[in-house]
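What follows is a single structure, written as structure tokens, with notes after it.
The values are calculated or read from the model by the stated rules, or taken from the named source; none is laboratory data. This is a predicted model, so every value here is computed, not measured. Methodologically, a virtual Cβ is constructed for each residue, glycine included, from the backbone with ideal geometry; neighbour enumeration extends over all protein chains shown. Note: accessible area is taken over every heavy atom of the protein model, side chains too, but ligands, DNA and RNA are not part of it. Shrake-Rupley method; radii C 1.70, N 1.55, O 1.52, S 1.80 Å.
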Amino acid sequence: MSSPEPSVRPERSAERGPAKAASGPVVAVTGAASGVGRLLALRLVESGQVRKVVAIDERRGDVPGATWRVLDVRDPVIAERLRGVDVVVHLGLDLDLESDPKARTAFNVRGTQTVLTAAAAAGVRRVVLCTSAMVYGAQPDNDIPLAEDAPLRATAEASFVGDLLEIERLGKRAPRAHPGLNVTILRPTVLVGGTDTALTRYFESPRLLVVAGSRPCWQFCHVDDLVTALEYAVLEKVDGEMAVGCDGWLEQEEVEELSGIRRMELPPTIALGAASRLHRLGLTPSPAGDLTYTMHPWVVSGSRLHEAGWRPHWTNEEVLAELLEEVAGRNSVVGRRLGRKDAATLGAAASATVALVGTAAMVRRARKRRGL
């Protein structure tokens, strides 16, 4: 996360890059120095349908052909930097599991609010926001798949979800406060491709934790597909709120068969109770609410993008294979990365009982350190 008062550097354009379209939108991308923001900026620079790409971040990244404006998205001066921009894609969020939750929320909410207000002041006609399909909530009675206009039933009990719900609220309110401003929202499913989330860390465990009586379903979204969906929004081929992901979904049994990782099944009271205690004691970054997204279905139809002609290039099976390749050699339990010694101990566990004993020992050690 950036400092609250960053310096603003003069804009700089790379000399190389393809010839830009004489017409087409001028597009600004926040968070353009890394992650999805960088990938989108690179794609738009190569597009023959985009006139100019303005890359915004707290540091200058490697996107040849883009015009760089280095500043914090919370800085009101961003309104001046958006003059002449037609579309803003706001990807400058802090989604780091290790960030302080209160500071992260303050950054994400204030940054989004500033970008929306600045875009309206600068005469931008469209802002594209990216949240997550997690906003639908993981509920035992969810339809499979969920329609994209299904009510958002998530709570703030999982990582980032409270931030994402507030970002969506700000996005939906902005056109009422600023007539003429269009806000489009994309909601990717489990995002894979250089990402680190509580859900990708689930696959770093020596055993896949399955809560007894649950019916998990898995639907992935590769970052490459998210980028092409964002491009559709930039070019105004889609509008409103829409989900992004692979076609269909995988049942838990299919995931276990494809991954070769065996399950460890626990009763819900024990699994949720242990996750809650470990998070409360600061031993894991993931609150207990993250576990519900591995228990109940939250897969979506993605029909709106399909109706516009967009198709994912990746299948769920292919994305899962890439995810397993990315996390090979890592070991996590309830979102906590383990050292080699811890991982070897847990990997040798032959039953849920051993795992629970290990959890209890972690809790006792933490309480002893804190003098409880």
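Placing unit charges on the Cβ atoms only, positive for Lys and Arg and negative for Asp and Glu, gives segment 58-161 a dipole magnitude near 560 debye about its Cα centre. Between segment 293-313 and segment 99-161, the alpha-carbon centres lie 17 Å apart.
When the charge dipole of segment 63-184 is built from unit charges on Cβ atoms (+1 for Lys and Arg, -1 for Asp and Glu) and taken about the Cα centre, the candidate among G180, V135, V115 whose Cα reaches farthest toward its positive end is G180. In this calculation the C-beta distance from D247 to R125 is compared with R0 = 35 Å, giving a FRET efficiency of 0.65. The label-point distance for E157 and E98, in a model that sets each label 7 Å from Cα toward Cβ, rounds to 2.8 nm.
Extension gain, I270 to R60: 0.36 nm times the residue separation minus the Cα-Cα distance gives 70.9 nm. Anisotropy class assigned to segment 28-149 is prolate, per the alpha carbon gyration tensor with a/c at or over the 1.5 cut-off and a/b larger than b/c. Annotation: per residue accessible area for segment 102-158 equals 40 Å², rounded to a whole number [probe 1.4 Å, protein chains only]. Listed by chain and number, the aspartates and glutamates whose alpha-carbon sits under 15 Å from that of K237, ignoring those within fewer than 8 places in the same chain, are D86, E307. Once you have a ≥ b ≥ c as the square roots of the Cα gyration tensor eigenvalues for segment 99-190, tell me rounded if a/c is under 1.5, and otherwise prolate or oblate according to whether a/b is larger than b/c. It comes out oblate by the Cα gyration axes. Length gained on full extension, E322 to E46: 96.8 nm, using 0.36 nm per residue less the C-alpha separation. Per-residue surface analysis assigns E157 an accessible area of about 120 Å², computed on protein heavy atoms at 1.4 Å probe radius. Close amide-amide hydrogen proximity is noted between L209 and M264, each under 5 Å apart and 5 or more residues distant or on a separate chain (H modeled in the peptide plane; Pro and chain starts excluded).
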